[in-house]
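Engineer: Here you go, one structure.
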Amino acid sequence: MAGLLQQPGYEEERLQRISELLPCREVQAGLLLSLMGQPQQYCYPSIFIFGHRSSGKSHVLNVLLKELELPHATVSCVECVSATLLFEEVLLSFFGSDAASLLPRSPSLSDFVRVYRLHRSQFPAKQTRYVIMEKAELLRDAEANLLPALLRFQELVEDNVAVILLSEIVWDTFRPNTGCFEPLLLHFPDYSKGELQQILSRDRHPSYSAEFYSSYINILLGVFYSVCRDLRELRHLAALNFPKFCEPLEAGKVKETDTHKLWKNIEPHLKKAMQTVYLREVSSLQWEQMQQVEEHEAGALRGLSAHTHVELPYYSKFLLIAAYLASYNPARTDKRFFLKHHGKIKKTNFLKKNEKTSNHLLGPKPFPLDRLLAIFYSVVDSRVAPTASIFSQISSLVTLQLLVQVSHDDQLDAPKYKCAVSLDFITAVSRTVNFEIVKYLYDFL
Amino acid sequence: MSTSSLSKGCFVFKPSPKKRKKALGLESYFIRVCEGAESSQLRFKLCQDLWDKIKTETEVLQDELNRTVLDSLLEFIRKCSSTRQHDAWASQMRASEIPTAALMLGVNVPDHDMTFQSLSELLRQSVTPLVASIQAKECGALKQLMKKVLEGLMDTEVDDDSDDDEEEEEGREQSQLRRSMHCSLATLCDWYMSKTKKPCGGTLGKKRSSSVINERQPPVVIIFKDLEAFNPRVLQDFILICSRYIQRLPLAFIFGIATSPSTIQRVLPHSVSSLLCIELFQSLSCTRHLTTVFDKLILTPSFPFKLNGRVMQVLMSVFLYHDFSVRNFIKGLQLALLEHFASQPLSVLCCGKEEALRNGARLGPGDLERVRQLPSFGRYVEKQEAQEQDELMIDDNYLKDLCQKLIKDLHKYHKCYYPILRCLHTLTSSLPRYPLGKQIRELHLICLERNVWETEDYQSAMKLLKMMAKDELILLLQRCAEILQTVKMKNDLVRLEELLSRFKQLDAAAETVPNVEENLISPAKNLQKKTDLFQLQKTLLEMNESRRSKKLTPFQALRNEALELIDSLVKSYLSPPESKPLYEACYYSSSAAVRRHLNATPRTSIQAALSSPHLYLQNDSLKTEDGTVSNAAPDICIAYKLHLEGGRLINLCDWLEAYATVVSAAEGNDPNSDSFGKVDEVKHAHFIRAVSELEFLGFIKTTRQKTDHVARLTWGGC
Amino acid sequence: MSKRKLKNAHLPIGECVSQVHQILRERFCRHQLPERPAGLEAQHKHLEELLKRTAVHGESNSVLIVGPRGAGKTTLLRCVLRELSKETEVQKNLLQVHLNGLLQTDDRVALKEITRQLHLENVVGDKVFGSFAENLAFLLEALKKGDRSSSRPVLFVLDEFDLFAHHKNQTLLYNLFDVSQAAQTPIAVVGISCRLDVLELLEKRVKSRFSHRQIHLLSSLTFPQYLDRVRAQLRLPDDFPDGSFAEEWNASVKSLCEDGSVDEVLRRHFHSSTDFRSMHALLMLCLSRVSVAKPAIRPADLLDASRLCSADTKVNMLRGLSVLELCLIIAMKHLNDVYRGEPFNLQMVHNEFKKFLQRKSNSMYNFEHPVVMKAFEHLQQLELIRPVDGSSAKTQREYQLMRLMLDHSQIMEALQKYPQCPTDIKQWAASAFA
């Protein structure tokens, strides 16, 4: 497999090392290398590399450029809140800090190009220079002319420089409406199952044999591959579950070779974990203990997602319930729900035929403050004075993101809100104050 | 968010007297507001001392309550910074992730600040000097967030460093922060490198605590105080950036979360959350916090100042119904304290026993007169026989001596009340259905209100106790004994002890006793909560029946004896404070004032202002017999009064007419001159302004239903 | 040029190959200009005429070179300039100012750039000018200074001309054209733009000052011509050090172009786009495969090169999704079919998905809601789905209305290519009620 990487102009052993550093990416690395050509030769002005997260885009590039010691500047577009940072980064890594300092305050692109040309004429490129843009999709949000300029950077500065854009998003969404220089598109496909196996098996636990670990990885993939192909996530899962996998071994019940028993032991565990894959399920000992103290239920290892319970003041609960009702019931039904003697409202005209999709599909509707309060006063059991703390509770519910203020902040009269909690949450809350919310929900009639 | 803080700011945190306390010349303020001027200085001093005591007490409490969680948090931070050096396999796998502590704080937002403050202090002094804590409202955009973080970190650094470094740090920092667009993590990184290199030179660090010195790489901790409020976009970007530097910069995050852990997932998409290695930490719940505060502050004789039942009720309801904020609870306590010392001249007696006695000896005739006025004292007097009574009414010295005695009694009462209360609570708190409440504060409330032993809850509790299994009972009784041991209540303790010893003998003697009770009580126990009270009562009754039928076993006899002892104790010690003469000196009772301050009702106060302006303008000429409004009152008051008479829709024309009449009556031109009640443009202008003000206050609003009418928005009292 | 003397020397194959790379890469990256711009002789002549008149006889002129991207506008101009610079009096006479709409984003910057390129910074020093016009006038005046009475001609090249039209009041354009009208300093303004409607962008006063000369590079070339172009681009120059290798190479190129499959591939490309750039991209990919091992371009290379170029990127991305995400996409597809492209939100999609799961007995894929949420977020991140309205910060994520950015065929193709795709899902994709 090391033979795949061949390119005149570079030492053999370096290529060798690279191909060891880039498992399962020889093809892409090779293609890239051949496009880059020999160090002094020209490279295509701009290359656009796209592929899913953790498909080794930036890894491959970094390894190549570092190992081959090519002049390069790596810029993450997240970090460049302003284009200035980008310019400085590039100049800094090509020509050193004095170049960067030449830039005026809040420089324009033309300043940048000017400075670049200046230094380029001083130190002409013996090797191709590479500018690497990670998370290139963010360039679209920058000034309109930045991306097109970068794409034809080589031409603008008349230097042997190539710009390589990395992104998770397809190129079609980048193209400005007046068109631009079309970069060379390169796709990094995801790792196949075998490749994943190969890669994951590399980082084995020092105190266990390689076969053992790879067998573990094999089991892991067997469970997770169907739902999760993200290398990083899989690595996380591996790290998370390995101790569990080793438990019987530690206990001395089974031998390393006895894969079946190990599998039997770990399998349910993994199955459970699968339900909550992608949610970083970590919970610490201290917390579990506290939970035990808090509610006297068996604190089985439940992840973040499980703990949606929130402890609220008594009236806040009712306010939240009222808000939920207000945002999921049509206003016209309030009469029927909350009036003690709403005369005879016919089922027929009460239940409109045309509303086929339930409100729980469409999501909450905004409601004015007074409707909220009206419902609140009718659902809360005791008589409550409209004290200041009631209102302050509403606003603190907004702070906690349980309510969302729809109307703008500075609109003081008749603010509108939305309820931002799920049905499960609200049912849990209303259970604690024994209020049967389902009876009051239009969707469940 | 800002609104919320505002509303909290102006409605909850603001007992106005406290403001005064803060202001200069508090004492003079205090003296001005308080009645019974002669003893005011003294009272002020007492009040101050008491408050300081309470304050320190609560702070200590706060710290030791947070101790556990904070310690584990610190441990976590330490660990994550240390594991980065030496290579455990797990940490290797996690090397690229940012260690993150999610701190569950509960919804009592006002209390969080204290926690964070102590947290960052602890971090600074024991783990790392590099701590930046940021709030959502300061970080609308990524740039600001960066800026805040950098400033936070570097400022602490500058403060920490010895002077020679300070200059150059200063300069460096300026150069960075002046060109504010360069607030990038890269600069921070370089700065950090240069900083961590220095200690090897050994130039600085003498000021730092040892743990930091021997650690080459102090972690950089960033505290997000309120995660919910942060703009997700900004947060994500920041985390993405940080993750690029995690190899060079040992970062660690702390998320302050008020609601629930799932918030993290709501705020962060997977691509970001997968960069974090999250650990959860639960700070203790506010209710438990309150319970401890209650124990240490309220249920103790060491603080002479007490609250009566109603005030207690108010404070509790504010806590349980509105905000779970312990801080506010204490503020309420403080308010009550001030009010008490300000309003009650006899509060000079509200202090430690000796001092109280001394003050009692110094009571002036006026004070003694007040003593005579006290209802509790009145009740006491009636109990005495005739000449004793008029002695008390006439002879001041006699009264003084009596006061001394009464004060002693009062203190004794307090001294015994709380231990017994605790005993009763320990006995009853584990009973099915909690007849006397689960929390001791509930029991306390009952006892404050009336004679607890007359309540049927108490009776039922006793019934339940009467059939408690032996070992349990012994256990509880032993606990009670322990409680009594802590305080000096010799004779009761002795009695209890010997009862216990007899129980022991009983064990030794007769194991043979067929104790039906266990298998009787055990159903009763395991149908805790499940069956309803009625059911339970029934079972109990038939148990009693069965008991009557057969003669008592020695154990049962003993048990009854024990319970009688308890009962007697309760009867003798848990009488409500009202029964004690002079209790007004120590008990603050005006719940209305507290409610008005802590749970303000802006609406009603506005209405009060409109309907009786003289209260606010302090102008008695405006005072009228109820219902009517003086025609000399401000325009808006008149307009308001008139609009109350209107229906749902008010005709502006008629309203104006009525207004004009009233006002011209005020001008005092004679009723039967034709100019009377005429609408000139001045009146008109006045009227219009009044109406618009009313609209602004939300009493009326313009309507399209009917031309030149306005809709009325309020009804009746509210 | 050392190549001259070692003509027809035999070089080691590796050397030759690297030479080939050297030459062709420079060509493709448009640093090595062709001898003559292929098929643009007329335009070339025309432009050369114009510029010469300015350069030599000091006439002012203004002209627009208009043509689609990659049609060779810049190349044309540069060829012309090269020709001109051969003539001695021109090169010592003519001053050149190159501006680019991408760089000089407003007139202030542009003016600075002009000053710099005319080497007048020190002359200007820190004078302050009332108006842009004065400033420009001063600059041009400054050129007069010196021994010669008549000032030197200046050539302004405005690349991405249309962008200059967006500047405030089009001050720069106005002044340039104005000067070019007035017979004071001889200047030539050459605008290069890819917008055919570029004239419409000009304000009236600007337009009126523009000599409506336009040079159109509308490629009306036929496939044979295209083929010739390809051959021309690939063939090695005669002064290639190793003559024999050059001949082999050129022969192989010739044969390549005659190959049937290649012909068909090129046709496809020809129909999609005729411009140089896309061709260069294609050829670059081919070239990158040339190595010592196989020192010639094979038809196979061209084939997979074209495959690389013309692959559907979205399908590529779809193949990398997790099964759950794929399921969601299918659910969206069904929703689209049912409600005829009405926007949807996560709840609806999840609902649809649940229906599917209920029909299926196996509970393999029924994840917790938050997990589905994550998957949905990921799709949004990949911009396979887009929120309908921009201002959706207030609405919760699960209720935000979305549109699917894929079409039927893409989804189906992706499903076909998907590694280990469960059959039941395939069926479901085929029909909502499978």
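Engineer: Kindly provide the set of residues from segment C:290-336 that are basic (Lys, Arg) and touching a residue at least 24 places away in the same chain (Cβ under 8 Å), ordered by number.
Structural biologist: The answer is C:ARG298, C:LYS314, C:ARG319, C:LYS333.
Engineer: Out of A:GLU89, A:GLU69, report the one residue that is away from chain C (no Cβ under 11 Å) and at positive phi.
Structural biologist: Every option except A:GLU69 fails the conditions.
Engineer: Another question, if that's okay. Sort out which residues of segment B:474-520 are hydrophobic (A, V, I, L, M, F, W, C) and modelled with pLDDT under 70, and write them in order of number. Full working, then the answer.
Structural biologist: Filtering segment B:474-520 for residues hydrophobic (A, V, I, L, M, F, W, C) gives B:474-477, B:480-481, B:483-484, B:487, B:489, B:493-494, B:496, B:499-500, B:503, B:506, B:508-510, B:513, B:516, B:520.
If the condition is that a residue be hydrophobic (A, V, I, L, M, F, W, C) and modelled with pLDDT under 70, then B:ALA509, B:ALA510, B:VAL513, B:VAL516, B:LEU520 are the ones that fit.
Engineer: So C:VAL230 passes all but one of these: (1) in contact with a Gly (Cβ under 8 Å, 6 or more places away or on another chain); (2) touching a residue at least 24 places away in the same chain (Cβ under 8 Å). Which condition number does it fail?
Structural biologist: Every condition holds for C:VAL230 apart from (1).
Engineer: Now for a different question. So, in segment A:190-206, of the ones that are more than 7 Å from every other protein chain (Cβ to nearest Cβ) and assigned to a loop (DSSP other than H, G, I, E, B), which residue ends up nearest to A:HIS59 (Cα to Cα)?
Structural biologist: A:TYR191
Engineer: Here's another thing I want to ask about it. Hey, any hits in segment C:204-214 for a residue that's touching a helix residue (DSSP H, G or I) at 6+ places or on another chain (Cβ under 7 Å) and under 17 Å from C:ALA110 (Cβ atoms)?
Structural biologist: yes
Engineer: Need the failing condition index for C:GLY101 against (1) at positive phi; (2) touching a strand residue (DSSP E or B) at 6+ places or on another chain (Cβ under 8 Å); (3) small (Gly, Ala, Ser), just the number.
Structural biologist: With respect to (1) at positive phi; (2) touching a strand residue (DSSP E or B) at 6+ places or on another chain (Cβ under 8 Å); (3) small (Gly, Ala, Ser), C:GLY101 is out only on (1).
Engineer: Out of the residues in segment C:409-432 that are out of contact with any Lys or Arg (no Cβ under 8 Å at 6 or more places or on another chain) and touching a residue at least 60 places away in the same chain (Cβ under 8 Å), which is surrounded by the most Cβ atoms within 10 Å (Cβ to Cβ)?
Structural biologist: C:TRP428
Engineer: Run down B:LYS551, B:LYS571, B:LYS580, B:LYS538 and say which single residue is over 20 Å from B:THR428 (Cβ atoms), modelled with pLDDT of 85 or more and not hydrophobic (A, V, I, L, M, F, W, C).
Structural biologist: From the options B:LYS551, B:LYS571, B:LYS580, B:LYS538, the qualifying one is B:LYS580.
Engineer: For the structure I just gave you, tell me whether B:SER317 is out of contact with any Cys (no Cβ under 6 Å at 6 or more places or on another chain), within 22 Å of B:LEU297 (Cα to Cα) and hydroxyl-bearing (Ser, Thr, Tyr). I'd like the intermediate steps shown before the answer.
Structural biologist: Working: out of contact with any Cys (no Cβ under 6 Å at 6 or more places or on another chain): yes; within 22 Å of B:LEU297 (Cα to Cα): yes; hydroxyl-bearing (Ser, Thr, Tyr): yes.
Against the criterion (out of contact with any Cys (no Cβ under 6 Å at 6 or more places or on another chain), within 22 Å of B:LEU297 (Cα to Cα) and hydroxyl-bearing (Ser, Thr, Tyr)), B:SER317 qualifies.
Engineer: Continuing with the same structure: Please indicate, with yes or no, whether at least one residue in segment C:296-315 is within 7 Å of another protein chain (Cβ to nearest Cβ), in a helix (DSSP H, G or I) and at pLDDT below 90.
Structural biologist: yes
Engineer: Just to be sure, is B:SER325 surrounded by 20 or more Cβ atoms within 10 Å (Cβ to Cβ) and more than 16 Å from B:LYS53 (Cβ to Cβ)?
Structural biologist: yes
Engineer: Restricted to segment A:135-161, and to residues that are out of contact with any Lys or Arg (no Cβ under 8 Å at 6 or more places or on another chain) and outside any helix (DSSP H, G or I), which residue is surrounded by the fewest Cβ atoms within 10 Å (Cβ to Cβ)?
Structural biologist: The qualifying residue surrounded by the fewest Cβ atoms within 10 Å (Cβ to Cβ) is A:GLU143.
Engineer: Another question about this same structure. Scan segment A:92-102 residue by residue and report those that are within 14 Å of another protein chain (Cβ to nearest Cβ) and in contact with a Leu (Cβ under 7 Å, 6 or more places away or on another chain).
Structural biologist: A:ALA100
So that you can scan it fast, the table gives a plain yes or no per residue for (1) part of a helix (DSSP H, G or I); (2) under 25 Å from A:LEU185 (Cβ atoms); (3) in contact with a helix residue (DSSP H, G or I) (Cβ under 9 Å, 6 or more places away or on another chain); (4) within 12 Å of chain C (Cβ to nearest Cβ):
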position	(1), (2), (3), (4)
A:GLN7	no, yes, yes, yes
A:GLN16	yes, no, yes, no
A:GLY30	yes, yes, yes, yes
A:PRO39	no, yes, no, yes
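Engineer: Filter segment A:20-48 for residues that are surrounded by 21 or more Cβ atoms within 10 Å (Cβ to Cβ) and hydroxyl-bearing (Ser, Thr, Tyr); which is nearest to A:THR173 (Cα to Cα)?
Structural biologist: Within segment A:20-48, the match that is nearest to A:THR173 (Cα to Cα) is A:SER46.
Engineer: Restricted to segment B:219-240, and to residues that are of a type in the set (D, E, K, R) and within 29 Å of the chain's Cα centre (by Cα), which residue is farthest from the other protein chains (Cβ to nearest Cβ)?
Structural biologist: The extreme case among them is B:LYS225.
Engineer: Same structure, new question: Which members of segment B:255-299 meet the condition of being of a type in the set (Val, Ile, Thr), surrounded by 19 or more Cβ atoms within 10 Å (Cβ to Cβ) and away from chain A (no Cβ under 13 Å)?
Structural biologist: The one that is of a type in the set (Val, Ile, Thr), surrounded by 19 or more Cβ atoms within 10 Å (Cβ to Cβ) and away from chain A (no Cβ under 13 Å): B:VAL293.
Engineer: A follow-up question, please. Among (1) under 21 Å from A:SER108 (Cα atoms); (2) buried (at least 16 other Cβ atoms within 10 Å of the Cβ); (3) more than 14 Å from chain A (Cβ to nearest Cβ), there is one condition C:LEU95 misses while meeting the rest; what is its number?
Structural biologist: In the conditions (1) under 21 Å from A:SER108 (Cα atoms); (2) buried (at least 16 other Cβ atoms within 10 Å of the Cβ); (3) more than 14 Å from chain A (Cβ to nearest Cβ), C:LEU95 misses (1) alone.
Engineer: Can we say B:VAL69 is among the aliphatic types (A, V, I, L, M) and surrounded by fewer than 19 Cβ atoms within 10 Å (Cβ to Cβ)?
Structural biologist: Numbers: among the aliphatic types (A, V, I, L, M): yes; surrounded by fewer than 19 Cβ atoms within 10 Å (Cβ to Cβ): no.
For B:VAL69, the condition - among the aliphatic types (A, V, I, L, M) and surrounded by fewer than 19 Cβ atoms within 10 Å (Cβ to Cβ) - is not met.
Engineer: Which ones in segment A:416-445 are surrounded by fewer than 20 Cβ atoms within 10 Å (Cβ to Cβ) and closer than 27 Å to B:LEU697 by Cβ?
Structural biologist: A:LYS416, the sole residue that qualifies.
Engineer: Kindly indicate which of B:ASN619, B:ASN651 is in contact with a strand residue (DSSP E or B) (Cβ under 8 Å, 6 or more places away or on another chain), polar (S, T, N, Q) and not assigned by TED's automatic domain parsing to the domain that holds B:PRO304.
Structural biologist: It is B:ASN651.
Engineer: Under the condition of being surrounded by 16 or more Cβ atoms within 10 Å (Cβ to Cβ) and polar (S, T, N, Q), which residue from segment A:219-258 is modelled with the lowest pLDDT?
Structural biologist: Looking at the filtered set, the residue picked out is A:SER226.
Engineer: Quick check: is even one residue across segment A:115-123 surrounded by fewer than 19 Cβ atoms within 10 Å (Cβ to Cβ) and within 13 Å of chain C (Cβ to nearest Cβ)?
Structural biologist: yes
Engineer: Determine which member of the set C:SER131, C:SER85 is under 30 Å from the mean Cα position of the chain (by Cα) and either more than 14 Å from every other protein chain (Cβ to nearest Cβ) or on the phi > 0 side of the Ramachandran plot (or both). Break it down into steps so the answer makes sense when it comes.
Structural biologist: Details: C:SER131 fails: under 30 Å from the mean Cα position of the chain (by Cα).
Just one listed residue meets the conditions, C:SER85.
Engineer: Considering only segment B:623-633, I want to know if a residue exists there that is crowded, with 17+ Cβ neighbours inside 10 Å and either within 14 Å of chain A (Cβ to nearest Cβ) or in a helix (DSSP H, G or I) (or both).
Structural biologist: no
Engineer: Any chance you could count how many residues in segment C:197-213 are touching a residue at least 12 places away in the same chain (Cβ under 8 Å) and surrounded by fewer than 14 Cβ atoms within 10 Å (Cβ to Cβ)? Quick ask: steps written out before the conclusion?
Structural biologist: Start the filter on segment C:197-213 by keeping residues that are touching a residue at least 12 places away in the same chain (Cβ under 8 Å), which leaves C:198-199, C:201-203, C:205-206, C:209-213.
Pick out the ones that are also surrounded by fewer than 14 Cβ atoms within 10 Å (Cβ to Cβ) and you get C:203, C:205, C:212.
Counting residues in segment C:197-213 that are touching a residue at least 12 places away in the same chain (Cβ under 8 Å) and surrounded by fewer than 14 Cβ atoms within 10 Å (Cβ to Cβ) gives 3.
Engineer: When you look at C:LEU103, is it of a type in the set (A, V, I, L, M), crowded, with 21+ Cβ neighbours inside 10 Å and more than 13 Å from every other protein chain (Cβ to nearest Cβ), yes or no?
Structural biologist: In short, no.
Engineer: Taking the condition of being crowded, with 20+ Cβ neighbours inside 10 Å and closer than 18 Å to C:THR75 by Cβ, how many residues in segment C:254-275 meet it?
Structural biologist: Summing the residues that are crowded, with 20+ Cβ neighbours inside 10 Å and closer than 18 Å to C:THR75 by Cβ in segment C:254-275 gives 1.
The values are calculated or read from the model by the stated rules, or taken from the named source; none is laboratory data. On a predicted model such as this, the values are computed, not experimentally measured, just so you know. Ideal geometry is used to build each Cβ from the backbone, glycine not excepted, and the neighbour counts take in all protein chains shown.
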